[in-house]
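The values are calculated or read from the model by the stated rules, or taken from the named source; none is laboratory data. Just so it is clear, the model here is predicted, and its values are computed rather than measured. Cβ sites come from the backbone with ideal geometry, for glycine too, and all protein chains shown count toward neighbours.
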Amino acid sequence: MTQVVRIIGIDPGLQRTGWGVIDSVGNRLSFVACGTVTSTATDELAGRLVELHDGLTSVIADHAPDEAAVEHTFVNTNPTSTLKLGQARGVALLVPARAGLSVAEYQPNAVKKAIVGAGHADKDQIQHMVRILLPKAVWKGADAADALAIAICHAHHRQTLGRALRIAAR
């Protein structure tokens, strides 16, 4: 019997960090929950990072995922924004790791390719495919939808890796 693996996908951002939780059983995926952790824009950076940390910690405690996947940050033209996004991404990596989860990282183009089949898909295409792959999913905002896409990407990649390891073990 195939085991249920609960996966949390995290789309890091300083203002809004999206999260999405799915269950994966073989090649079947099902929606569990999704949402957004926000930080207060007028707070100091350290306080904003604490808000993200506490929000993600609560999500992981509430939904008990087995594995995590985080989108790899792309470089912005503004170095200050890139640095702040990197710090938010550090929180997104730290929280599941401190909870004892394995954490995979995926480039945005890899997520798009896994969901849509093309590495340069737009947000509308991604959201459309997430709706097809997870018909019961309901989200508010692109960040939660992106997080679900990251979780789906991980579910697809972990199956391929599992098959390769089983073949290598023979």
### Message
One residue is enough: does segment 150-167 have a residue meeting the conditions at pLDDT 90 or above, surrounded by fewer than 13 Cβ atoms within 10 Å (Cβ to Cβ) and among the β-branched types (Val, Ile, Thr)?
### Response
no
### Query
Which residues, counting only those in segment 16-36, are assigned to a loop (DSSP other than H, G, I, E, B) and either out of contact with any Ser or Thr (no Cβ under 6 Å at 6 or more places or on another chain) or surrounded by 22 or more Cβ atoms within 10 Å (Cβ to Cβ) (or both)?
Asn27
### Task
Could you list, in sequence order, all residues of segment 11-35 that are charged (D, E, K, R) and more than 25 Å from Leu45 (Cα to Cα)?
Asp23, Arg28
### Summary
Picking from Ala99, Ala69, the residue that is in contact with a helix residue (DSSP H, G or I) (Cβ under 7 Å, 6 or more places away or on another chain) and surrounded by 18 or more Cβ atoms within 10 Å (Cβ to Cβ) would be Ala69
### Message
For the structure I just gave you, tell me whether Val59 is part of a strand (DSSP E or B), within 20 Å of Gly141 (Cβ to Cβ) and not acidic (Asp, Glu).
### Response
no
### Task
Find all pairs meeting these conditions: Cβ atoms under 7 angstrom apart; at least six residues apart or on different chains; first residue within segment 1-21 and within 20 Å of Arg48 (Cα to Cα); second residue among the hydroxyl-bearing types (Ser, Thr, Tyr) and part of a loop (DSSP other than H, G, I, E, B).
Pro12/Thr73; Leu14/Ser39; Gln15/Ser39
### Query
If you scan segment 90-101, which residues turn out to be in a helix (DSSP H, G or I) and either touching a Pro at 6+ places or on another chain (Cβ under 9 Å) or closer than 21 Å to Phe31 by Cβ (or both)?
Gly90, Val91, Ala92, Leu93, Pro96
### Query
Does Val70 satisfy being under 27 Å from Lys112 (Cα atoms) and free of Cβ contacts under 8 Å to residues at least 60 places away in the same chain?
no
### Task
Residues being in a loop (DSSP other than H, G, I, E, B) and either of a type in the set (Ser, Thr, Tyr) or surrounded by fewer than 14 Cβ atoms within 10 Å (Cβ to Cβ) (or both): count how many of those fall in segment 102-124.
5
